[in-house]
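Below is one structure, written out as structure tokens; comments come after it.
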Amino acid sequence: MCDSLSMMLPALRTREADETKRLVRPGGWEGLFLRRAPIVCDLGAGNGRFAATYAELHPEWNVLAVERKLQRVRQIERAAELRRLPNLKALWFGWDDLLLFWSPPASCREIHVLFPDPWPKRRHQGRRTLRAGILAAILRALEPGGFFRFLTDDAGYAAVVERAASLLPGLERRGDPGGFPASHFETIFRSKEHPLYGAVWRKAEGATSGMRGGS
């Protein structure tokens, strides 16, 4: 087995906040990767297809695949070992908590959120992870000039994210989310010719995480 971050998490969930600093040290992400390099986060990484391919294409970057399901984390770890990708790490954790509580500010070059659960029924939409506070946390975690990429097959979810992102003054919409290695779900949806929605937003220099007012 490759070095695992996943076994840290059950214990971390039950400890006091000051003890969980071992997860992401105050100095940054180097404690996870044991080297200093730009950080790319794949949040809700699934089986890790995108993260592993991206790590292979960019050995000069550190790619962190964050996933709630332990079986998928193990799958990503196996891929990192078999494909000899020391720059790919898998973290068994809720990525909303990672953003809100453990991500150092201005520390991520790229953040990718690909096909999060859309919770399409109206009564369930409050469970969607990409809400205003999480988008503000993404903006906070991005380094100036870094970008956030979102992709979904749910038009309603995309519209909600577009609206919330437009209220963040430091997040500038830069267009289509294509041109990257396909994730597992992207491959499935494109093979069925399903329409996909999303965008790339870049963090402006000097941006804060404050929200604009809006009607």
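Structure values in brief
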{"quantity": "Check on PRO104, part of a loop (DSSP other than H, G, I, E, B), over 20 Å from LYS203 (Cβ atoms) and either at pLDDT below 95 or of a type in the set (Lys, Arg) (or both)", "calculated": "no"}
{"quantity": "Top-ranked residue in region 176-210 [being touching a helix residue (DSSP H, G or I) at 6+ places or on another chain (Cβ under 9 Å), over 23 Å from ALA51 (Cα atoms) and not hydroxyl-bearing (Ser, Thr, Tyr); ranked as modelled with the highest pLDDT]", "calculated": "ALA207"}
{"quantity": "Residue selected from region 36-55 under the condition in a helix (DSSP H, G or I) and touching a strand residue (DSSP E or B) at 6+ places or on another chain (Cβ under 8 Å), by the criterion surrounded by the most Cβ atoms within 10 Å (Cβ to Cβ)", "calculated": "ALA51"}
{"quantity": "Scan of region 177-200 for residues that are open to solvent by 30 Å² or more (accessible area, probe 1.4 Å) and not in a loop (DSSP other than H, G, I, E, B), ordered by number", "calculated": "HIS184, PHE185, THR187, ILE188, PHE189, ARG190, SER191, TYR197"}
{"quantity": "Filtered residues of region 89-101 (kept if in contact (Cβ under 8 Å) with a residue 40 or more places away in the chain and outside any helix (DSSP H, G or I))", "calculated": "LYS89, ALA90, LEU91, TRP92, PHE93"}
{"quantity": "Residue in region 131-148 that is farther than 21 Å from ARG109 by Cβ and surrounded by 21 or more Cβ atoms within 10 Å (Cβ to Cβ) present", "calculated": "no"}
{"quantity": "Test: residue in region 161-168 that is under 16 Å from the mean Cα position of the chain (by Cα), farther than 19 Å from GLU205 by Cβ and at pLDDT below 95", "calculated": "yes"}
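The values are calculated or read from the model by the stated rules, or taken from the named source; none is laboratory data. Fair warning: this is a prediction, and the values are worked out from it, not measured in the lab. In this analysis, Cβ positions are derived from the backbone assuming ideal geometry, glycine residues included, and neighbour counts consider all displayed protein chains. Ligands, DNA and RNA are excluded from the accessible area calculation, which covers all protein heavy atoms including side chains. Shrake-Rupley method; radii C 1.70, N 1.55, O 1.52, S 1.80 Å.
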